[in-house]
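Novice: Before anything else, here's the structure in question.
The values are calculated or read from the model by the stated rules, or taken from the named source; none is laboratory data. Please read these numbers as outputs of a predicted model, since none were measured by experiment. Note: ideal-geometry Cβ built from the backbone for every residue, glycine included; neighbour counts use all protein chains shown.
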Amino acid sequence: MAEGLSEHEQLFYNDGYQLGLQAAKNNYAEDDLFQAMAQMYHAIDQLIESLSAMAQKQGIAIHCRKGCDYCCRQAVFANSYELHYLHHFIKKNFSSDQKNQAREKAIAKNKQTSALEEKDMLNFKSPCPLLKDGSCTAYEARPMACRIYLSTNVISCIEFYQNPENENNYPALLDFPLMAGRMMNEGFIAALKENGIDIAEFRLEEGLLKNVLNG
């Protein structure tokens with residue numbers, strides 16, 4: 001049990017924790033990890049769908065849709081197990097040309113972001129190496145951070161993209177999915193660490209080069 005969490009936070013943390021135990025049960029076997037992660041991603045995707053449907057019934061517009069890629073041009077972080085899952089998807093589904101193109105984009109972006117101070121890096125806007133024609137080429141295996149971004153005002157996203165230094169503006173995101181995804185990941189990580197599994201976090205372009213597009 002994590003201390004200091006609200007009831008909702010604890011529920012999602014516990015769900016992530018149980019899935020983390022499932023991933024770690026046989027010495028972190030790949031099949032167990034992928035099964036646990038598929039369940040976690042499915043659960044958060046269902047939550048997003050339910051929240052979107054509920055918002056629309058209440059007259060709250062959800063502006064996230066295919067082709068709107070402002071959020072795919074900002075800093076994204078992924079854990080090592082998410083990159084492992086992503087690597088499996090890319091190895092199975094990408095052609096050599098697709099993989100090479102993604103690697104070239106990751107190299108170019110990583111060269112830029114690795115030289116930036118943290119604040120500048122967080123404000124830096126550049127397309128994700130996996131973005132093509134407004135869509136994610138690895139959508140099914142995208143990290144948690146990409147799944148829980150749900151905006152109710154595309155104008156706020158455009159303003160954040162065009163003027164990231166404006167501290168008075170931030171995309172109009174629904175808080176609940178952000179909390180749910182973060183708590184599930186934290187619970188998952190806690191279970192892995194309890195079983196002696198070290199977890200690292202990377203900028204997505206950095207992680208792609210180290211863990212996904214390196215062979």
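Novice: How about the range 112-145: which of its residues are part of a loop (DSSP other than H, G, I, E, B) and either on the phi > 0 side of the Ramachandran plot or of a type in the set (Phe, Trp, Tyr) (or both)? Please lay out each step first, then the result.
Specialist: First, pick out the residues of the range 112-145 that are part of a loop (DSSP other than H, G, I, E, B): 114-117, 124-130, 133-134, 137-138, 142-143.
Selection gives PHE124, ASP133, GLY134.
Novice: Working only within the range 131-159, note down all residues that are of a type in the set (Lys, Arg) and buried (at least 20 other Cβ atoms within 10 Å of the Cβ). Give the derivation first.
Specialist: Quick first cut of the range 131-159, residues of a type in the set (Lys, Arg) only: 132, 142, 147.
The one that is of a type in the set (Lys, Arg) and buried (at least 20 other Cβ atoms within 10 Å of the Cβ): ARG142.
Novice: Give all pairs with beta carbons closer than 6 Å in which a residue from the range 136-162 that is farther than 19 Å from TYR81 by Cα meets a residue that is of a type in the set (Lys, Arg) and surrounded by fewer than 21 Cβ atoms within 10 Å (Cβ to Cβ); count only pairs at least 6 apart in sequence or on separate chains.
Specialist: Close Cβ pairs (under 6 Å, with a partner that is of a type in the set (Lys, Arg) and surrounded by fewer than 21 Cβ atoms within 10 Å (Cβ to Cβ)) amount to TYR161/LYS125.
Novice: Under 7 Å by Cβ, and 6 or more places apart or on different chains, what pairs join a residue from the range 94-115 that is within 12 Å of SER126 (Cα to Cα) and in contact (Cβ under 8 Å) with a residue 40 or more places away in the chain with one that is of a type in the set (Gly, Ala, Ser) and not in a helix (DSSP H, G or I)?
Specialist: Going by the 7 Å Cβ cut-off, the qualifying pairs are LYS109/SER126.
Novice: When both residues are 6+ apart or on different chains and their Cβ atoms are under 7 Å apart, which pairs have a first residue that lies in the range 13-37 and is touching a residue at least 60 places away in the same chain (Cβ under 8 Å) and farther than 20 Å from GLU3 by Cβ, and a second that is part of a loop (DSSP other than H, G, I, E, B) and of a type in the set (A, V, I, L, M)?
Specialist: Once the first residue is touching a residue at least 60 places away in the same chain (Cβ under 8 Å) and farther than 20 Å from GLU3 by Cβ and sits in the range 13-37, its partners that are part of a loop (DSSP other than H, G, I, E, B) and of a type in the set (A, V, I, L, M) give ALA24/ILE197; TYR28/ILE197.
Novice: When only residues in the range 65-110 that are assigned to a loop (DSSP other than H, G, I, E, B) and surrounded by fewer than 17 Cβ atoms within 10 Å (Cβ to Cβ) count, which is modelled with the highest pLDDT?
Specialist: Residues of the range 65-110 that are assigned to a loop (DSSP other than H, G, I, E, B), as a first pass: 65-69, 74-76, 94-95.
Still in the running and surrounded by fewer than 17 Cβ atoms within 10 Å (Cβ to Cβ): 65-68, 95.
Working: ARG65: 82, LYS66: 81, GLY67: 82, CYS68: 86, SER95: 95.
Only one residue fits best here, namely SER95.
Novice: Does HIS8 meet the test of being at pLDDT below 95, more than 17 Å from the chain's Cα centre (by Cα) and assigned to a loop (DSSP other than H, G, I, E, B)? Write out each step before concluding.
Specialist: Values: at pLDDT below 95: yes; more than 17 Å from the chain's Cα centre (by Cα): yes; assigned to a loop (DSSP other than H, G, I, E, B): no.
No, not satisfied.
Matching residues to (1) in contact with a Phe, Trp or Tyr (Cβ under 9 Å, 6 or more places away or on another chain); (2) closer than 18 Å to PHE89 by Cβ; (3) at pLDDT 95 or above; (4) not in a loop (DSSP other than H, G, I, E, B):
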site	(1), (2), (3), (4)
GLU3	no, no, no, no
ASN14	no, no, yes, yes
MET37	yes, yes, yes, yes
MET40	yes, yes, yes, yes
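Novice: Mind checking which pairs have a first residue in the range 190-212 that is over 24 Å from ALA102 (Cα atoms) and touching a residue at least 12 places away in the same chain (Cβ under 8 Å) and a second that is crowded, with 19+ Cβ neighbours inside 10 Å and among the hydroxyl-bearing types (Ser, Thr, Tyr), Cβ under 6 Å, 6 or more apart or different chains?
Specialist: ALA190/TYR17; ALA191/TYR17
Novice: If you take the residues of the range 187-202 that are under 18 Å from the mean Cα position of the chain (by Cα) and surrounded by 18 or more Cβ atoms within 10 Å (Cβ to Cβ), which of them is farthest from LYS109 (Cα to Cα)?
Specialist: Checking each candidate, the answer is GLY187.
Novice: Kindly indicate whether any position in the range 70-91 is free of Cβ contacts under 8 Å to residues at least 24 places away in the same chain and among the charged types (D, E, K, R). Step through it out loud before you land on a result.
Specialist: Let us first name the residues in the range 70-91 that are free of Cβ contacts under 8 Å to residues at least 24 places away in the same chain, namely 91.
Then drop every residue that is not among the charged types (D, E, K, R), which leaves 91.
Within the range 70-91 (the criterion being free of Cβ contacts under 8 Å to residues at least 24 places away in the same chain and among the charged types (D, E, K, R)), the answer is yes, since at least one residue qualifies.
Novice: Identify, by number, the condition in (1) part of a helix (DSSP H, G or I); (2) modelled with pLDDT of 95 or more that TYR161 doesn't meet.
Specialist: Result: TYR161 fails condition (2) only.
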